[in-house]
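See below for the structure under consideration.
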Amino acid sequence: TCYSATGQEALCELKTFKSGSFIGGSCPCTIENSVCDQEKGACICTEEFTESLDKKRCIPKVVRLNGKCENDGQCLLFEANTECDLTEKICVCQHNFTRVDDTCRRGANLGTRCRVDIECLERAPNTICLDHKCICAAGFVARQNQTECLAVTSYGTPCSESGQCQLTLGSGGVCDNGLCVCDAAHQNVTLGHSVICEKRIAVGDTCKDHGQCFHSHLLEQTMECIGGHCQCIEGFSERNGWCEKNNAINVEIVSPILFLICMIVHKILN
């Protein structure tokens, strides 16, 4: 039974006192890194800490990248464009941002400006940052839409775009039915251990100088530019659009002549 100050019976309400075992509870405080707010008479976390979600702990207010966290605020106070990964419970860079040392930077597409390689690699593998621009690394070429880097290919090997072929075969290389080949205006020519696509030059093709009639794969050149057209040089004759070397003496003519000479010599000696 409860009594008022005048001695009369009164309705009493049971008052409970919060314990110092959680943040916001009454002092004294038992949680690590907590203190008693004398004005409020309640437990609070010290300046460098903040309350956990369950209010039973004081956790670091600022958390570095890859550090343990419980909420995004801990990460954002250290670096913009970060968040707390709810699965791993660590601070990570937000989507479309990549970690560079202790910062989060937006990834860069091919051809766009960059500061370090990883800004490019975040968007497309096999890329590098050169002269503050994202480009494909050695051995790779950019896809036509500039979204990724494709491996350079050689004659007869699989491909998806002609650009993969042209770095090794030249401008005449094309990707046809998934394989690198030469287009109709070029012919495949073996130079050492590799194959290139060399432009087909036929007798009568227009030219401005001898170099335009030159075949790099031929040790002995067969044409030169005469009157604005590729013509067979001396010692060669046109056959089916190509220059073929003349025989010094036609065999069909030589054989009868030699026979007659032999007969004359035989008669003289006898």
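For the reader, a short list of remarks on this structure follows.
- Matching residues, the range 116-164, being of a type outside the set (A, V, I, L, M) and in a strand (DSSP E or B): T127, C129, K133, C134, C136, F140, C149, P158
- For the range 139-168, taking the residues that are among the hydrophobic types (A, V, I, L, M, F, W, C) and modelled with pLDDT of 90 or more, the one that is surrounded by the fewest Cβ atoms within 10 Å (Cβ to Cβ) is identified as A151.
- You will find that of G204, G211, the residue that is over 30 Å from A151 (Cβ atoms) and touching a Gly at 6+ places or on another chain (Cβ under 8 Å) is G204 and no other.
- The test for being within 18 Å of the chain's Cα centre (by Cα) and within 30 Å of N145 (Cα to Cα) does not hold for N81.
- Residue in the range 113-120 that is exposed (fewer than 15 other Cβ atoms within 10 Å of the Cβ), closer than 21 Å to L169 by Cα and out of contact with any Ser or Thr (no Cβ under 6 Å at 6 or more places or on another chain) present: no
- The residues in the range 228-241 that are closer than 12 Å to C213 by Cβ and either surrounded by fewer than 18 Cβ atoms within 10 Å (Cβ to Cβ) or among the small types (G, A, S) (or both) can be counted, and the count is 3.
- All positions within the range 1-52 that are modelled with pLDDT under 90, assigned to a loop (DSSP other than H, G, I, E, B) and among the acidic types (D, E): E13, E39
- Filtering S52, S34 for residues that are surrounded by fewer than 19 Cβ atoms within 10 Å (Cβ to Cβ) and among the polar types (S, T, N, Q) leaves a single hit, S52.
- Checked against (1) assigned to a loop (DSSP other than H, G, I, E, B); (2) surrounded by fewer than 18 Cβ atoms within 10 Å (Cβ to Cβ); (3) over 27 Å from the mean Cα position of the chain (by Cα), H95 passes all but a single condition, namely (3).
- Any hit, the range 109-128, residues being modelled with pLDDT of 85 or more, more than 30 Å from C149 (Cα to Cα) and of a type in the set (D, E): no
- Yes/no for R57 being surrounded by 13 or more Cβ atoms within 10 Å (Cβ to Cβ), over 42 Å from the mean Cα position of the chain (by Cα) and among the basic types (K, R): yes
- Residue that is nearest to the chain's Cα centre (by Cα) [pool: residues in the range 169-215 that are surrounded by 18 or more Cβ atoms within 10 Å (Cβ to Cβ) and among the β-branched types (V, I, T)]: V174
- Residues satisfying the stated conditions in the range 162-214, i.e. without any contact (Cβ under 8 Å) to a residue 24 or more places away in the chain and among the acidic types (D, E): D176, D183, D209
- Those residues of the range 65-78 which are out of contact with any Cys (no Cβ under 6 Å at 6 or more places or on another chain), part of a loop (DSSP other than H, G, I, E, B) and crowded, with 16+ Cβ neighbours inside 10 Å, in sequence order: E70, F78
- Qualifying residue in the range 172-195 (condition: at pLDDT below 85 and among the acidic types (D, E)): no
The values are calculated or read from the model by the stated rules, or taken from the named source; none is laboratory data. Everything numeric in this text was worked out from a predicted model, so none of it was measured. Please note: Cβ atoms are built from the backbone with ideal geometry, for glycine as well, and neighbour counts cover all protein chains shown.
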